[in-house]
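Some notes on the structure that comes next.
The values are calculated or read from the model by the stated rules, or taken from the named source; none is laboratory data. Computed from a predicted model, the values in this text were never measured in an experiment. With ideal geometry, Cβ positions are generated from the backbone for all residues, glycine too; neighbour counts draw on all protein chains shown. These accessible areas exclude ligands, DNA and RNA; they are computed on the full protein's heavy atoms, side chains included. Shrake-Rupley method; radii C 1.70, N 1.55, O 1.52, S 1.80 Å.
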Number of protein chains: 2
Amino acid sequence: MSSANVIPLKHALFNPQAQVCADCGVRRFALFGVLDHAALDNIHVHIADIKLQPGQSLYAAQAVGSAAYTVREGIVRLERTSERGERRILRLAGRSDMLGLEAMLGQTYAADAVACTEVSVCRVPRTLVDDLSRDRPEILVDLMKRWQRALDDADEWLTELCSGPARHRMLRLLLKLSEFADGGQVWLPARLEMSAMLDMTIETASRLISQLKREGVLDAPDQRHAVIHMDALLKALREDSALS
Amino acid sequence: MSSANVIPLKHALFNPQAQVCADCGVRRFALFGVLDHAALDNIHVHIADIKLQPGQSLYAAQAVGSAAYTVREGIVRLERTSERGERRILRLAGRSDMLGLEAMLGQTYAADAVACTEVSVCRVPRTLVDDLSRDRPEILVDLMKRWQRALDDADEWLTELCSGPARHRMLRLLLKLSEFADGGQVWLPARLEMSAMLDMTIETASRLISQLKREGVLDAPDQRHAVIHMDALLKALREDSALS
DNA sequence: CGATTCCTTGAAGAGGTTCAAAGGCCGTGG
DNA sequence: CCACGGCCTTTGAACCTCTTCAAGGAATCG
């Protein structure tokens, strides 16, 4: 019995790729969310499902890319090396975020994309978008919304994670990390990563995390995971704003 | 003798708006750079030419906007208020940069846009882009390039102006300002603006500028203008990177 | 010309960095 | 299995950068 038989007829898709996309958990939020099943069925390009281990690179800055990526699972960081030679983490991308949109314009990637956790992403080739934009121009509006989202993320990162005293920035980072939470547990970056996100030394990052543990803002069952106590975190953030 | 007579016949445009756009100094770099004269002639929407004095607001964050803007002349800053209640300047936009693209998607503006110098901008109404994208879909690609440019600017601002010691950030700011130079003279922000760009106090900004004047990196003929000595600036930047 | 606003400079103190060393958490190999 | 080395984290102490608080000076405007 083929798998098509267990699917209601009007949803039956004969293109295997289409079936994969139709079943994808993030499709509703992803680029092809606007496409109906019939349109999906016309996708004849292979959309690769890529898995990465923590630390593995998805793409490198300056590389000519022929694809963008949609994050299905896990957290990816975008980073750059400043002209001083220091690594700086620009922002994080999580489930349903899109990365490397610049490849859709034939440009080279603007930053390095590196997996923070175990990651799975869909590779969206440029040719596919080119084809679709001919047949279904409304996909371009969706694409522009992605750009705007990336820009909003960048602006928020700058305003909230790049200003004020170190402790405040760390609290904001924990808040941001809790957005990517995955069942109570939050991914806790290495101290070196934190320092690259918040522009501080790893010693300062370590001291702050230690202190926040003592204050009961977070617990770390293991090195790379934390339970964040939101009430304590929000309280800390409020007090922090008040006394300045 | 009408002005049309001095223009070669094949360039004669009968729509007055088209003439304005055809003559615009930034058209080549602007959104409608891809349109030929005939296409320009079909623009029947009025593209307002708006002038702003320093400190005047172009649009406010959260406002529902019906237009984006192309900077023709001058410098505009994008700023936000952080959740702590502090103002933060996100980046600067100069000649041929586009602002408020999010309005093209029916979204509210993501930041405040305020004139730093005397500014003139073209108002590009959303309806115009909607119409054009039907007739000339290639304009959408141009629009996406604008988004990518904004994102690149944001990323660069974050990596270069938000990390490292105060002196280094100030040097990078001067370098950035020199990109917007206007005949040897550079716009010199008020100390309060500098502090909002570089996340430091106005005292620190003032001290750094005073010191850099003494070092011969810049001269300030008046409060709001400076002459930047690029050789000295670049030398300072190099030494600064070396000793760290 | 006085009032306001912005800029500059000083001195004291806090916050962050630097340097140094010790403690934990692996994976490898004896 | 335990010992070892490597890597990351934590903590301490001294130092330095940047902030804070305060006051005087320059520019601008009615």
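A 1.4 Å probe run over chain A, with the rest of the protein chains in place, finds 46 Å² accessible per residue. Note on the protein assembly as shown: along the principal axes its Cα atoms extend 84, 57, 39 Å, ordered by decreasing extent. Which is farthest toward the positive dipole end of the protein assembly as shown among A:Ala22, B:Leu143, A:Ala113, measuring Cα position about the Cα centre, with Cβ charges +1 (Lys, Arg) and -1 (Asp, Glu)? Looking along the dipole axis, the top candidate is A:Ala113. A full extension of the chain between A:Ala181 and A:Asp131 corresponds to an added length of 14.4 nm, given 0.36 nm per residue minus the alpha carbon distance. Checking the a/c ratio against 1.5 first, then a/b against b/c, what shape does the Cα gyration tensor give for chain A? Prolate. Counting only alpha carbon atoms, the long axis of helix B:126-135 and the longest principal axis of chain B meet at about 60°.
What part of the accessible area of chain A, given as a whole %, is carbon or sulfur when the probe is 1.4 angstrom?
That fraction is 52 percent.
Dipole size of chain B about its Cα centre, with +1 on Lys/Arg Cβ and -1 on Asp/Glu Cβ: approximately 260 debye, rounded to the nearest 20.
Hey, what angle do you get for helix B:202-214 against the long axis of chain B, alpha-carbon based, 0 to 90 degrees rounded to 10? That works out to roughly 80 degrees. Between copies, the label points of B:Val141, set 7 Å from Cα on the Cα→Cβ line, lie 2.1 nm apart, reported in increasing order to one decimal in nanometres.
B:Ala181 label point (Cα plus 7 Å toward Cβ) to equivalent points in the other copies: 5.2 nm, shortest first. Mean projected area of the convex hull spanned by the Cα atoms of segment B:164-242, taken over all viewing directions: 4.7 nm². By the helix-only formula, in which each DSSP H run with n ≥ 4 contributes -39500 (n - 2.57) and the sum is divided by residues, chain A has a 222 nm mean residue ellipticity of -12000 deg cm²/dmol. Label separation (A:Ala39 vs A:Asp152): 2.1 nm, computed from points 7 Å beyond Cα along the C-beta direction. Rounded to the nearest 20, the size of the Cβ-charge dipole of the protein assembly as shown about its Cα centre is 520 debye, with Lys and Arg at +1 and Asp and Glu at -1. Note on exposure: A:His225, B:His168 ranked by accessible area (1.4 Å probe, complete protein assembly) read A:His225, B:His168, with the most exposed listed first. Placing R0 at 22 angstrom, the Cβ-Cβ distance between A:Ser120 and A:Asp23 gives a FRET efficiency of 0.95 after rounding to 0.05. Rounded to the nearest 10 degrees, the inclination of helix A:230-242 to the longest alpha-carbon principal axis of chain A is 60 degrees. For the chain pair B and A, buried accessible area totals roughly 3700 Å², probe 1.4 Å, rounded to the nearest 100. Sorted from nearest, the other copies put their B:Glu203 label points 2.5 nm away, the label point being 7 Å from Cα in the direction of Cβ. Using a Förster radius of 25 Å, what is the FRET efficiency between A:Leu192 and B:Arg238 based on their Cβ-Cβ separation? Nearest 0.05, please. The formula returns an efficiency of 0.40 here. Annotation: B:Leu237 carries an accessible surface of approximately 20 Å², with a 1.4 Å probe and no ligand, DNA or RNA atoms counted. Computed from point charges on the beta carbon alone (+1 for Lys and Arg, -1 for Asp and Glu), the dipole magnitude for segment B:164-242 about its Cα centre is near 180 Debye. For peptide A:78-86, the mean count of partner chain Cβ atoms within 10 Å of a residue's Cβ comes to 5. Residue by residue along A:157-167, Cβ atoms of other protein chains within 10 Å of the local Cβ number 6 on average. In terms of distances greater than 20 angstrom between alpha carbons, the cross-link table entries A:Lys176/B:Lys176; A:Lys213/A:Lys235; A:Lys51/B:Lys145 yield A:Lys176/B:Lys176; A:Lys51/B:Lys145. Applying a 4.7 Å cutoff between beta carbons, the unpaired cysteines of the protein assembly as shown are A:Cys21, A:Cys24, A:Cys116, A:Cys122, B:Cys21, B:Cys24, B:Cys116, B:Cys122. Considering only alpha-carbon pairs that sit under 8 angstrom and 6 or more positions apart, the relative contact order computed for chain B is 16 percent.
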